[in-house]
1. Scan the stretch 60-89 for residues that are basic (K, R) and either at positive phi or touching an Asp or Glu at 6+ places or on another chain (Cβ under 7 Å) (or both) and jot them down.
2. With the requirement that a residue be small (G, A, S) and in contact with a helix residue (DSSP H, G or I) (Cβ under 6 Å, 6 or more places away or on another chain), what does the stretch 53-78 give you?
3. Residues T28, T18: which one is outside the structural domain of L85 (by TED's automatic domain parsing), at pLDDT below 75 and surrounded by 10 or more Cβ atoms within 10 Å (Cβ to Cβ)?
4. In this structure, is L56 part of a helix (DSSP H, G or I) and in the same structural domain as R107 (by TED's automatic domain parsing)?
5. In the stretch 67-99, how many are touching a Gly at 6+ places or on another chain (Cβ under 9 Å) and basic (K, R)?
6. Which members of the stretch 100-125 meet the condition of being among the aromatic types (F, W, Y) and not in a helix (DSSP H, G or I)?
7. With the checklist (1) crowded, with 17+ Cβ neighbours inside 10 Å; (2) of a type outside the set (K, R); (3) under 25 Å from S41 (Cα atoms) in hand, flag the one item A108 doesn't pass.
Amino acid sequence: AAQHPRFSALSSRTPSPTLRNALRAEITDELDADYSARLSSGVPVMPGAADLLKQLSSIIPVAVASNGRRTDVMAMLRSADLDHLLHSVCTVEDVAEGKPAPDLYVRAAALIGVAPKDCAAFEDS
């Protein structure tokens, strides 16, 4: 524990749940960093999605409503060269509850100035 700054305050008397939680946080941070780096390297775009987005964004406001973190979502959009086509991006960090709650869709609609009843959603799953 003393070799790693995050664990330097822990001793052999530290209760195992404390150590488990500290290790879990460390591993989670490393996994998050790796995931973000991979997203920045590029992600596959569903066939036809880029063309559809280009056509739609030229005639109507388009937003993304994602359960992802803003930094990750923006990295994916930039790597696919789609970020400039969007009028707004709404992520789970912008709302009280992520999907399947409607909060993301309602917020994204508000950001582009369109009533939710007048919106259409395209999903990637």
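1. If the condition is that a residue be basic (K, R) and either at positive phi or touching an Asp or Glu at 6+ places or on another chain (Cβ under 7 Å) (or both), then R69, R70 are the ones that fit.
2. Those that are small (G, A, S) and in contact with a helix residue (DSSP H, G or I) (Cβ under 6 Å, 6 or more places away or on another chain): S57, A63, A65, S66, A75.
3. The conditions single out T18.
4. So L56 passes the test.
5. 0
6. F122
7. All conditions pass for A108, except number (3).
The rows are residues; the columns are (1) assigned to a helix (DSSP H, G or I); (2) in contact with a strand residue (DSSP E or B) (Cβ under 8 Å, 6 or more places away or on another chain); (3) free of Cβ contacts under 8 Å to residues at least 12 places away in the same chain; (4) among the charged types (D, E, K, R).
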| residue | (1), (2), (3), (4) |
| --- | --- |
| R24 | yes, no, yes, yes |
| D34 | yes, no, yes, yes |
| A65 | no, yes, no, no |
| C90 | no, yes, no, no |
| E93 | yes, no, no, yes |
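The values are calculated or read from the model by the stated rules, or taken from the named source; none is laboratory data. Note that the coordinates shown come from a computational prediction; the quantities given were computed from them, not determined experimentally. Neighbour counts are summed over all protein chains in view; Cβ atoms, including those assigned to glycine, are modelled from backbone coordinates with ideal geometry.
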